[in-house]
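Presented below is the structure to which this report refers.
Since every read-out is calculated from the coordinates, none of them should be taken as a lab result. Computed from a predicted structure; not experimentally measured. A quick note on method: Cβ atoms are made from the backbone with ideal geometry, for glycine too, and the neighbour counts reach across all protein chains shown.
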Amino acid sequence: MDILDISPLLSLILGVFLLTFILFRKGGLGKDKKIRFVLATIVSVYTLTALDYYFTINLEGDTPYSYISYLLTHLLGFFLYYFIVLFTNTSINLKKWLPVVVSYTILRWAFLYPLFQYETFKEYVNFMENSGYDTWIVWEYLLVALVNILLFILTFFKLKQSPLIKCI
């Protein structure tokens with residue numbers, strides 16, 4: 001058994017354990033339920049990604065559930081930023097952010113929709129090789145990575161500017 005075969009399974013087990021711990025432990029994050037649900041959402045995306053990697057490695061992508069986590073990875077930066085906003089007890093204009101996030105998600109899902117019509121990995125690879133869509137996927141992946149990195153940097157500065165007393 002290769003280490004790559006077992007590491008997604010271990011991540012999945014750890015993710016389920018953390019998710020249970022976050023949702024059912026009453027202390028630690030205060031009485032605000034929103035902060036607990038946002039953190040649970042972040043852990044859920046990582047847990048789903050671990051499950052997705054496990055299917056991809058062990059079943060070679062030949063399952064309709066493969067690559068589903070790819071549809072949610074763009075939300076990690078937004079959820080982390082919102083978690084830090086809740087954690088530091090600062091304000092955010094959700095009426096401004098929500099349409100941006102929803103529009104970004106709809107555009108991304110519409111762009112990725114053609115990839116999810118294939119049931120086997122071989123059909124998917126044939127489509128990518130013959131259509132030239134693989135170049136666009138690389139650019140889309142880089143754009144999502146840059147947006148998430150930008151949001152992680154904004155999150156860091158938001159946390160750095162917050163007084164320590166607000167965090168406790």
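Points to keep in mind about this one:
- Rounded tilt (10° steps) of 133-161 against the dominant C-alpha axis of the chain: 10 degrees
- Spatially proximal lysines relative to residue 26 (Cα-Cα < 23 Å; intrachain offsets below 8 disregarded): 34, 166
- Taking Lys and Arg as +1 and Asp and Glu as -1, the other residues whose beta-carbon sits under 12 Å from that of residue 19 total +2.
- Compactness index (Cα Rg / 2.2 N^0.38 Å), the chain: 1.19
- Taking the C-alpha atoms only, the angle from helix 76-87 to the longest principal axis of the chain is near 10 degrees.
- Most to least packed among 10-19, 44-53, 135-144 [average Cβ atoms within 10 Å]: 44-53, 10-19, 135-144
- With respect to the chain, whose longest principal axis is taken over its alpha-carbon atoms, helix 121-131 is tilted by about 80°.
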